[in-house]
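Worksheet: the structure to be examined is printed underneath.
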Amino acid sequence: MLSRAKIRDNLTMMKKLLIFSIVMFVFGYAMVPFYEKFCEVAGINNLLQPDKMVKDMEVDEERLVTVEFDANVRGLPWDFKPLQRSVKFHPGETIEVMYEITNHLDREITGQAIPSYTPRYLDKHLRKFECFCFTRQVLKPKETRVMPVQFVIEPTLPSHLHTLTISYTFFELPVGAKAVSEK
């Protein structure tokens, strides 16, 4: 049988653990608004709220920029192409283009798209909200899929640039490989 001192110590410990658990639970929920505020203050992009990211961005109606789209595959029996070869727009406008991809094999294949840009420093002025390149793509046998890319080119793009290129190259991912995340 437990002594009164042991029972009292056990109850004290149980109260402390209960209080600690409640505090940690509240802390976990409080981290969401703290994190959002930190991202807002630090200027870190929140991909879940693209409208919020561009609402303060002014559109540069003084100039037009052309973005050309390119698509390639390396070692995959896929057809991959942009449904629009190019688009003209004002810097600061949100743009959405679609890409089509088809798996010609009789088996499922997993691939990952890696982007590249011309000029090389375009990524400093490019904000993507939605892109198939953010995650691995699993295509079933003979499947065709249309995938969006949604982005904005910031008005801070140097004024001497009028034609830009966004290119994606799909590579096959080995079974069990992790996707390459783009930042």
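The values are calculated or read from the model by the stated rules, or taken from the named source; none is laboratory data. Not measured: the values here are computed from a predicted model. Virtual Cβ from ideal backbone geometry, glycine too; neighbours counted across all protein chains shown.
Applying the criterion of being among the charged types (D, E, K, R) and surrounded by 14 or more Cβ atoms within 10 Å (Cβ to Cβ) to the residues of segment 157-182, the residue that is modelled with the highest pLDDT is GLU172. Scanning segment 146-172 for residues that are within 19 Å of the chain's Cα centre (by Cα) and farther than 28 Å from GLU61 by Cβ turns up VAL146, MET147, TYR168, THR169, PHE170, PHE171.
Every condition in (1) closer than 19 Å to THR144 by Cβ; (2) part of a strand (DSSP E or B) holds for LYS88 except the one numbered (1). Of the residues screened, THR135 is one that is farther than 28 Å from ASP60 by Cα and either surrounded by 13 or more Cβ atoms within 10 Å (Cβ to Cβ) or modelled with pLDDT of 90 or more (or both).
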